[in-house]
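Just so it is clear, none of the values below were taken in a lab; they were calculated from the coordinates. These numbers were taken from a predicted model, which means no experiment stands behind them. Using ideal geometry, Cβ is built from the backbone for each residue, glycine included, and neighbour counts are taken over all protein chains shown.
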Amino acid sequence: MINATKASTTTLLHIYGYYRLFVAIGLTSIFWLQGSDGFLGERFPELFNKAVLFYLILSLIAVRYLQQVPIDLQRQVLFGGFLFDTTFLVIALHTSAISGVTALSLLCVITVASAARVLGNPLALVVASLFVLGLLTDGLVSQGYPSNERIDLYNSGLFSAFLMLTAVVVNRFAGHLRFAEQEADKSRRDKATAEKLNRLILQQLNTGVILLENDEIIALNEGAEKALNITSKQGKPKRLPPIFHEQYLQWLDNSERPRPNITSVHDQQEWHLQFKVVESGKNQYTMLFIENAQNANRQAQQLKLVSLGRLTASIAHEIRNPLAAIKHAAELMQETCKVDEDKRLLEIINHQTLRMNKIVENIQSLSRKQSSPRQEIELAPWLTKWCDHVNPHYGHQLKLHIDTPNAVVNFDPSQLQQVIENLCQNALRYTVQQADGHGILLHLQYVERLQRYSLAVIDYGEPVPSEQVAHLFEPFFTTDKKGTGLGLYICRELCLSNQAALDYRCGGRRRKSFSILFAKF
């Protein structure tokens, strides 16, 4: 059995309801206005009058309340309506003159065809069978009437066969139509799903995407809204900002020339633009891809570091063995050396081998990407104990300020110690000692806006020059001739491996900090 779709059933239910009302009004009007020569209800006018009035009243009720029928019950209601139509038309044929059979028979054909279109077989055949039963019964009953009022059983049989054939043929065509509707509906759903999926993918992209027709914006994703500094209150712009539009016009003049990075006015970010032509039928569009140049450079640098890490790890391993031998030999020579000049040279050798060994350790830690065994750390007592232990080595310049004594975070303790020691050693080189004797402030607080704990290592030295801030966490970047340029990079990598973040902040001329923002616990 082939069912019509729910939406199609609802529409046909309303259409057929108004059609039934139109037929009821028409038959009632004809019956009341016809003269003595009228064919409707000629044989039994009283019965026809009651039947047509009842039919009209029920048709009015159906039109008024059919819209309130639940979708799951509409098909059953339609079947009941067709049975009601069948009963009325059989009564109308029985009570009317033979001359009116042709007009009423047409209504029978419409009813059967409608049932086949909406209900399908076998329910449409049930409706047709009831018509056949009524017609044949009426024909047999009429055989007892005078000869001029008798119904031709041969014609009744042919018309009954025609009704059954109508039910079968219309149902066959309706089946094909319903199948086509279902396929079209499935195609629409698939297309809508694909469009929704494409929009979702575009919204998740960090790269900004803008669809242009000529120079008018048709659509854009969240990445593009961020690049254009668009808020939800402003709504979608119709044109590109001047700085982007200028690049678009230059691309139209010469699409082969590479586009330079541009700097946005609102956040001083560098953006790389890429234009692509998209053709859809006779229409031609332009796709504008906006990518953060800093992110692209960072990704490229990460790829380089992967290869560099593999190379340096193997080199570091090979260097460490002869380095240990050199250090051991220098220590042996230092024990037997009696010349002061030679002792000084041996001390230089020892110092430089220790420095080279530290570089090797940093490079090896840089190349290792192992997951950190994180633990729950109560930061306040942990920091207090650590400061008490290391403060003598820092000339008692460490000062600890705790705003949140109940702070608990997830971090590898040894890696946290390595990060803090590295940041404190770095701060000690640049800080200025304060009146109370401290030069480094460790400030533990809770950042309400982010709902995360933060530990800031603050010193009172000169701030980092603005042109160097962007390179602070790059490997091998250093302003110290004795530095390796790996300290801050390794600190950030260790923080990232513990799902934390490390950032630089400048609080004024004599106050700067490196802040660890711990993961939510």
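For the stretch 410-437, the residues whose backbone nitrogen is under 19 Å from a point 7 Å from the Cα of R320, taken along Cα to Cβ, are 414-415, 418-419. 3J(HN,Hα) along the stretch 413-427, derived from phi through the Karplus expression 6.51 cos²θ - 1.76 cosθ + 1.60 where θ = phi - 60°, amounts to x, 5, 6, 4, 5, 4, 5, 5, 4, 5, 5, 5, 5, 5, 5 Hz, with x in place of Gly and Pro. Rounded to the nearest Hz, the phi-derived 3J(HN,Hα) couplings of the stretch 42-47 under the Karplus curve 6.51 cos²θ - 1.76 cosθ + 1.60 (θ = phi - 60°) are 5, 7, 9, x, 5, 5, where x marks glycine and proline.
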